[in-house]
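> The structure that follows is given in the form of structure tokens.
The values are calculated or read from the model by the stated rules, or taken from the named source; none is laboratory data. Predicted model, so just to flag it, every value in this text is computed and none were measured. So basically every Cβ, Gly included, is an ideal-geometry build from the backbone, and we count neighbours across all protein chains shown. All accessible areas refer to the heavy atoms of the entire protein, side chains included, with ligands and DNA or RNA removed. Shrake-Rupley method; radii C 1.70, N 1.55, O 1.52, S 1.80 Å.
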Amino acid sequence: MYIKSEIEKKLIDKNIRLEILEETTSTNDYIKKFSNLDSAVVIAKKQTLGRGRLNRAFYSPENKGIYLSILLKPQLETKDSVKITTFTAVAVANAIEKVSGLKTQIKWVNDIFINSKKVCGILAEASQNFKESKLDYAVIGIGINLYGKDFPNEIKDIATSIELESGKKIDANLLVVEIINSLYKINNEINGDYLTKYKEKCFILNREIIVDTGKEKYKATALNVLDNGALLVEKEGKTFELDFGDVSVRI
Ligand code: BTN
């Protein structure tokens with residue numbers, strides 16, 4: 001599925017340490033051993049303990065998806081770390097569009113959808129330097145359903161793959177290169193305007209949503225995504241910011 005030399009040859013950042021593994025528990029955990037480097041990428045053909053947001057498992061069967069983590073040192077203060085989430089979602093959505101020709105959408109916070117079904121999840125984790133209120137490093141985990149038509153029962157109604165939507169078997173090496181290069185460019189223009197692009201792609205805005213915070217579930221209207229990455233919602237005449245949790249829309 002992967003050819004290391006093919007990927008390395010096309011990367012803009014020639015200093016990235018790239019490792020491709022047959023199997024690991026979670027690439028987000030494995031990559032932490034490279035935290036002394038400026039940048040690293042770990043890709044696994046299979047994960048045995050792939051994880052998603054809110055402690056959910058991420059389905060990671062062998063050679064069906066891209067399971068990739070990137071370690072970066074963004075020049076960001078801790079309070080701005082949520083920018084990592086918005087810029088990654090935009091970068092990955094652009095990369096998928098470029099190689100597949102399909103239109104992507106973003107569901108706050110960082111799920112990428114094609115034709116109303118989830119094709120990619122992103123799990124960003126940051127290690128902070130408390131003394132300087134800066135980020136030491138960020139680990140961005142990206143899971144993409146690339147091939148395959150069969151999903152487990154729990155996700156078969158909400159998940160899709162790029163192959164299923166495009167009818168094409170996209171070359172995994174190509175997509176990996178696009179994602180890494182796209183993130184590299186955005187990371188170098190860290191104060192650029194991703195939020196506008198993010199909002200253009202965010203399909204839940206001005207719609208009724210169901211919010212699930214893990215503790216409670218309620219209906220609200222999604223109004224806006226703010227600079228700090230929070231979702232502005234309205235519930236029973238009151239407007240407030242949502243910092244975490246899961247949202248869904250009826251389709
Ligand atoms: C989500 O859907 O909530 C996020 C899913 C993130 C999955 C990726 S796969 C590569 C990396 N390693 C993990 O264990 N998770 C992320």
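> Counting chymotrypsin sites (Phe, Trp or Tyr not before Pro) as exposed when in a DSSP loop with at most 14 other beta carbons within 10 Å, what is the longest stretch of the chain free of them?
The reported range is 1-129.
> Pairs to check: Lys32/Lys215; Lys83/Lys156; Lys118/Lys185. Give those whose C-alpha atoms are more than 28 Å from each other in this structure.
In this structure, Lys32/Lys215; Lys83/Lys156 lie more than 28 Å apart at Cα.
> While we're looking at this one, here's another question. Please compute the length gained on full extension between Lys33 and Asp193, using 0.36 nm multiplied by the number of residues separating them and subtracting their Cα-Cα distance.
Stretched out fully, the Lys33 to Asp193 stretch lengthens by 54.4 nm.
> Follow-up. Give a quick list of GluC sites (Glu not before Pro) in the range 23-127 that DSSP marks as loop, anything other than H, G, I, E or B, with at most 15 other Cβ atoms within 10 Å.
Passing both the DSSP loop test and the Cβ count: Glu23, Glu62.
> Also, I was wondering about something else. Under a plain spin-label model, where a point goes 7 Å from the Cα along Cα-to-Cβ, how far apart in nm are Ile155 and Glu125?
For Ile155 paired with Glu125, the spin-label model returns 1.8 nm.
> Taking a label point 7 Å from the Cα of Ala57 along the Cα→Cβ vector, which residues of the range 25-47 have an amide N closer than 16 Å to it?
25-27, 46-47
> Out of all DSSP beta bridges in the range 4-201, what portion is antiparallel? Express it as a percent rounded to 5.
Taking every DSSP beta bridge within the range 4-201, about 80 percent pair in antiparallel fashion.
> Heavy-atom accessible area per residue, the chain, 1.4 Å probe: how many Å²?
Accessible surface, normalised per residue, equals 50 Å².
> Work through the residues other than Val99 whose Cβ is under 10 Å from its Cβ and net out their charges, Lys, Arg +1 and Asp, Glu -1.
That works out to -1.
> Something else now. Computing the accessible area with a 1.4 Å probe over protein heavy atoms, can you report the carbon and sulfur percentage for the range 164-218?
Answer for the range 164-218 is 44 percent, counting heavy atoms of protein chains only.
> Can you tell me the FRET efficiency between Asn181 and Ile20 if r is taken as the Cβ-Cβ distance and R0 is 30 Å, rounded to the nearest 0.05?
So, using R0 = 30 Å, E works out to roughly 0.95.
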